[in-house]
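Bear in mind that the values in this text are calculations on the coordinates, not laboratory data. On a predicted model such as this, the values are computed, not experimentally measured, just so you know. Backbone-built Cβ (ideal geometry, glycine too); neighbour counts: all protein chains shown.
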Amino acid sequence: KNTSILRFHANLHKALKYAVRIDLIPSNPVDKVDRPKPQAFMASYYSAEEMERLFEAAQGHKLELIIQLAAFYGLRRAEVMGLRWEAIDFEAKTLTIRHIVTSTRIDGKKVLVEADRAKTKSSLRTLPLVDPIAERLKAVKAQQEYNQKICGNCYNQEYLGYVFVDAMGNLIQPDSVTTGFPQLLKENGLRRIRFHDLRHSCASLLLKEGVPMKQIQEWLGHSDISTTANIYAHLDSQSKNLSARTMANTLTLPKAPSVKEW
């Protein structure tokens, strides 16, 4: 991938720059290598109709609420999987994003990472909890309490407080979402997109409905509006239409020439 090449180039340049500084080598050979130009990222998006078909296909599936949260709020996978009950206020009707769960590899072994942080400071955000999502969360909470009562000492106490655990209280693994999502799409004949593209689909639907870019930045938790603009500017038809109308009202063009006879 282009991004991987850019990252490798940067890391190699930094390492050899340090080698020059401590006199291990006379010069940095990477200085003579042209840095690859970054390619513009074009995400995949679901339309509102495709999203509704996905919701229908996911009914009763273990990923149902995970998909709904990612699509409705534009959450990252780590943000969905890190959702805890303490972050949900049913009375105030708010949902706070402040904890993540992801996985990484250390010494060849897969390690689960739980952290009270988000990708950036702006990723720490509180969002309105709409009634349809609230009702589904309440149903999940009631089911968890029932499972805990039935399983007794067999229920895993380590992940109490997390929203997304299985019937035995085990935390749902982030990688199972990444692999399970395309399988769900394939089984139901839906167009293939990545799980992360639900986040992009959320942004594209907001833009289509005329939500300002600044508000979308805050909804998604981007640290800088330029990040939002760089990814979604080509979808911002509302502002382009406004520009077109403004220019049409400002400048008067002459009539189009008539067809000339030979």
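Over the C-alpha atoms of region 48-237, the Rg to Rh ratio, Rh being the Kirkwood estimate, stands at 0.96. Sparse packing (at most 11 other Cβ atoms within 10 Å of the Cβ) combined with a DSSP loop state is found for none of the trypsin sites (Lys or Arg not before Pro) in region 133-178. Sorting the Cα pairs of region 55-122 by distance into bins of 5 Å, from 0 upward, gives 4, 15, 21, 21, 19, 12, 6, 2, 1 percent per bin. Distance between the C-alpha centers of region 58-113 and region 164-190? Whole Å please. The distance from the Cα centre of region 58-113 to that of region 164-190 comes to 12 Å. With one equal scatterer per alpha carbon and no solvent term, the Debye-computed log10 I(q)/I(0) for region 130-176 at 0.19, 0.21, 0.25, 0.27 1/Å reads -0.61, -0.71, -0.90, -0.98.
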